[in-house]
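Let me begin by presenting the structure, written as structure tokens, before commenting on it.
The values are calculated or read from the model by the stated rules, or taken from the named source; none is laboratory data. If you're wondering where the values come from, they're calculated on a predicted model, not measured in any experiment. Glycine also receives a Cβ, built like all others from the backbone with ideal geometry; neighbour counts cover every protein chain displayed.
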Amino acid sequence: MKKILLFTSLWFIVSLLQSFFTEIIDDEAYYWVYSRCLDWGYFDHPPMIALLIKLGYALFPGELGVRLLPSLLGAGTLFLVFVMLKDEVKNLNLLMIVSLSIPLFHTHVAGFLAIPDLPLVFFATLFFYFYRKYLQKESLLIIFLLALSVAMMLYSKYHGLLIIGFTLLSNLKLLVKRSFWQLVAISLVLYLPHIIWQIKHDFVSFSYHLVDRNSPFQFKYLLEYIGNQIMMVGPFCGIILIYLGISRKTGNKFEAALKFNLIGFIAGFFLSSLKGHVEPHWTAFAVVPLLILSIPELEKRLRLKKWVLALSYLTIAFIIPFRLIIIEDFGLLPEQLNRRFLNKKEFYHQIQEEAGSRTVVFNNTYQHASLFWFFTKKPTFTKNDRLYRRNQYDLMDMEAELHGKEVLYFTRFDIPGSDSLVTVRGRTMIHNTTFFASFNRVNIDFPDLEWEFEVGETIEVELELGNPTERSIYLSDSCSFPPALVYTYHSDRGKARAHFAKYNTKLPTLEPGAKIVFPVEIRVPYVPGSYQLTFGFGAKNMPAGINGRPVRMTVHARSRGN
């Protein structure tokens with residue numbers, strides 16, 4: 001146990017040093033923005049990462065504070081894994097060396113980055129630690145601790161639902177146990193505040209993850225997934241570990257749960273890659289059952305163990321320099337990684353210097369907005385439109401607070417009156433917007449129609465415009481870019497075409513909580529096929545915003561009688 005404590009303590013110290021000397025990255029800055037206003041939920045994730053950052057940042061303002069508690073939980077994950085394996089593995093050095101060779105351990109499993117994966121993996125590992133004890137003895141204390149780990153896992157990331165599901169599939173007899181339903185009840189009570197938050201926000205997180213992220217199949221997503229998994233588990237010995245973990249014969253319910261989760265995560269996200277891009281770290285938790293299952297098998301195979309050790313040392317020889325070059329710019333990183341890890345502070349301070357007393361508003365980039373806010377400590381906003389996606393900024397009050405004010409608009413395209421700003425990252429487009437307005441908080445609902453029409457038809461649609469905020473929304477102000485209702489057809493081939501809707505009256509003022517029926521006239525596409533129709537508030541030279549769910553429309557060829 002002393003050896004385990006020493007190793008994980010040194011790991012934690014190294015993580016703190018890395019945290020202090022490495023610039024914050026975009027996702028971490030985004031979660032830091034979460035922490036500015038603690039809540040029971042956020043657009044993309046549950047609130048655990050925001051709470052961890054809030055507590056750490058209160059102690060140490062800066063990158064160290066942001067990463068303090070995630071780094072501690074990362075070291076805790078290593079500790080729990082080693083404790084669960086210490087009676088099965090004779091040589092702990094083998095376990096430690098293999099762990100050091102897994103890139104995901106250095107970043108998303110037991111690393112230093114302040115991202116939801118670290119608390120998820122820690123609490124999931126804690127869940128399995130208590131699950132093994134639960135299988136041995138169903139005491140009230142163990143049931144409560146297991147329920148607590150379930151709730152904390154779900155407060156960290158929604159992938160926790162997969163871990164619960166795969167564990168249940170591995171042991172369906174749990175369903176007839178009274179203790180299991182006690183566990184479910186306690187977990188639900190602990191998780192109830194987040195469920196209530198989701199209900200109040202129309203299950204915005206689940207809608208985003210389960211629907212909005214889907215896209216047509218692309219073979220490149222499949223290849224990316226396979227390649228990324230091999231690289232993140234270990235470019236040299238990852239396949240060997242995966243083979244050993246999957247092929248191992250399980251001897252008890254605990255090992256069965258680990259194997260179900262290992263295979264479930266790998267296969268589940270393989271299927272997910274058929275309908276969109278899968279981030280490499282989404283399978284981060286699978287590394288825990290992978291280690292627990294594969295290392296005892298590896299120890300039995302002396303020749304294979306020698307190969308894995310040699311390949312592990314080779315991988316470590318690549319990982320250590322990488323951890324160093326993301327601290328200091330040696331000119332060795334590709335441009336994309338260089339911009340993510342290095343030399344960001346000066347860029348955002350240049351933008352702030354240009355903005356002066358004006359608030360900076362970014363277009364379609366929560367990354368730039370969050371990094372700007374972190375480095376300058378000046379609150380900012382990102383205006384999202386149909387060319388991007390919704391995010392936490394769409395749930396914030398800042399849209400209303402900035403209404404009518406002069407802002408510096410950081411845009412990705414040239415619009416009338418825009419100018420260019422020369423920065424350390426090159427030339428970028430900016431626009432001095434004297435009367436800023438954004439209307440993404442307005443909900444646009446469609447009537448219940450049979451959405452089947454013939455090509456070229458002109459139809460009238462009675463939209464319902466709703467104001468879910470506590471402030472009045474003025475749609476007819478003297479905005480720099482006067483709003484208009486825009487409808488967009490998205491074909492199944494990924495093409496989109498936007499049009500201005502026709503209406504006979506001015507856009508209304510929406511009082512808090514108001515819902516107003518507003519008739520508009522639109523024209524059906526001239527090409528038969530299946531489309532998704534969306535409505536949003538756009539303007540001349542400004543793409544439409546994201547104001548509601550799309551509706552599926554079928555367009556038929558004109559009948560012969562017409």
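Tabulated values for the structure
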| read-out | value |
| --- | --- |
| Among the residues listed as Phe260, Phe219, Phe265, the single one being aromatic (Phe, Trp, Tyr), touching a Leu at 6+ places or on another chain (Cβ under 6 Å) and either surrounded by fewer than 14 Cβ atoms within 10 Å (Cβ to Cβ) or more than 19 Å from Glu88 (Cα to Cα) (or both) | Phe260 |
| Candidate set: the range 289-335, residues that are hydroxyl-bearing (Ser, Thr, Tyr) and surrounded by 17 or more Cβ atoms within 10 Å (Cβ to Cβ); chosen: the one farthest from Gly245 (Cα to Cα) | Thr315 |
| Residue among Leu126, Leu120 that alone is in a helix (DSSP H, G or I), at pLDDT 95 or above and either in contact with a Lys or Arg (Cβ under 7 Å, 6 or more places away or on another chain) or of a type in the set (Asp, Glu) (or both) | Leu120 |
| Hits in the range 190-228 - residues which are part of a helix (DSSP H, G or I) and either on the phi > 0 side of the Ramachandran plot or of a type in the set (Phe, Trp, Tyr) (or both) | Tyr191, Trp197, Phe206, Tyr208, Phe219, Tyr221, Tyr225 |
| Those residues of the range 314-346 which are within 20 Å of Ile24 (Cβ to Cβ), at pLDDT below 90 and not hydrophobic (A, V, I, L, M, F, W, C), in sequence order | Glu328, Asp329, Pro334, Glu335, Gln336, Asn338, Arg339, Arg340, Asn343 |
| Unique residue being of a type in the set (A, V, I, L, M, F, W, C), under 25 Å from Ser19 (Cα atoms) and assigned to a helix (DSSP H, G or I) when the list is Phe330, Phe322 | Phe322 |
| Of all residues making up the range 361-378, the number that are free of Cβ contacts under 8 Å to residues at least 24 places away in the same chain and surrounded by 20 or more Cβ atoms within 10 Å (Cβ to Cβ) | 0 |
| Hits in the range 408-457 (condition: under 28 Å from Arg523 (Cβ atoms), touching a residue at least 60 places away in the same chain (Cβ under 8 Å) and in contact with a Gly (Cβ under 9 Å, 6 or more places away or on another chain)) | Ser438, Phe439, Asn440, Val442, Asn443, Ile444, Asp445, Phe446 |
| The range 9-23 residues that are touching a residue at least 24 places away in the same chain (Cβ under 8 Å) and more than 17 Å from Leu104 (Cα to Cα), paired with ones that are surrounded by fewer than 16 Cβ atoms within 10 Å (Cβ to Cβ) and among the aliphatic types (A, V, I, L, M) (beta carbon under 9 Å, 6 or more apart) | Phe21/Ile327; Thr22/Ile327; Glu23/Ile327 |
| So Ile24, is it within 15 Å of Ser156 (Cβ to Cβ), crowded, with 21+ Cβ neighbours inside 10 Å and under 18 Å from the mean Cα position of the chain (by Cα) | no |
| Residue, nearest to Lys306 (Cα to Cα), within the range 227-243, restricted to residues that are buried (at least 16 other Cβ atoms within 10 Å of the Cβ) and without any contact (Cβ under 8 Å) to a residue 60 or more places away in the chain | Ile242 |
| Helices (runs of 4 or more DSSP H) lying entirely in the range 1-90 (those with 3 or more residues that are over 21 Å from Val121 (Cα atoms)) | 2-21, 48-59 |
| Selection status of Tyr221, of a type in the set (Phe, Trp, Tyr) and either within 18 Å of the chain's Cα centre (by Cα) or outside the structural domain of Leu154 (by TED's automatic domain parsing) (or both) | yes |
| Residues being touching a residue at least 60 places away in the same chain (Cβ under 8 Å) and outside any strand (DSSP E or B) - total across the range 478-492 | 3 |
| For Asn547: the one exception among (1) touching a residue at least 40 places away in the same chain (Cβ under 8 Å); (2) over 27 Å from Tyr409 (Cβ atoms) | (2) |
| Subset of the range 438-450 that is at pLDDT below 90 and hydrophobic (A, V, I, L, M, F, W, C) - its residue that is surrounded by the most Cβ atoms within 10 Å (Cβ to Cβ) | Phe446 |
| Odd one out for His106, checked against (1) under 23 Å from the mean Cα position of the chain (by Cα); (2) more than 21 Å from Ser149 (Cα to Cα); (3) surrounded by fewer than 18 Cβ atoms within 10 Å (Cβ to Cβ) | (3) |
| Residues of the range 379-391 classified as farther than 19 Å from Pro483 by Cβ, modelled with pLDDT of 95 or more and surrounded by 17 or more Cβ atoms within 10 Å (Cβ to Cβ), total | 1 |
| All positions within the range 313-360 that are in contact (Cβ under 8 Å) with a residue 24 or more places away in the chain and of a type in the set (S, T, N, Q) | Thr315, Asn343, Gln350, Gln352, Thr359 |
| Enumeration of residues in the range 135-150 that are in a helix (DSSP H, G or I) and farther than 18 Å from Asn261 by Cα | Gln136, Leu140, Leu141, Ile142, Ile143, Phe144, Leu145, Ala147, Leu148 |
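Quick grid of which residues meet (1) closer than 21 Å to Ser101 by Cα; (2) part of a helix (DSSP H, G or I); (3) of a type in the set (S, T, N, Q):
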site	(1), (2), (3)
Ile230	yes, yes, no
Ile242	yes, yes, no
Ile246	yes, yes, no
Phe269	no, yes, no
Ser272	no, yes, yes
His281	yes, yes, no
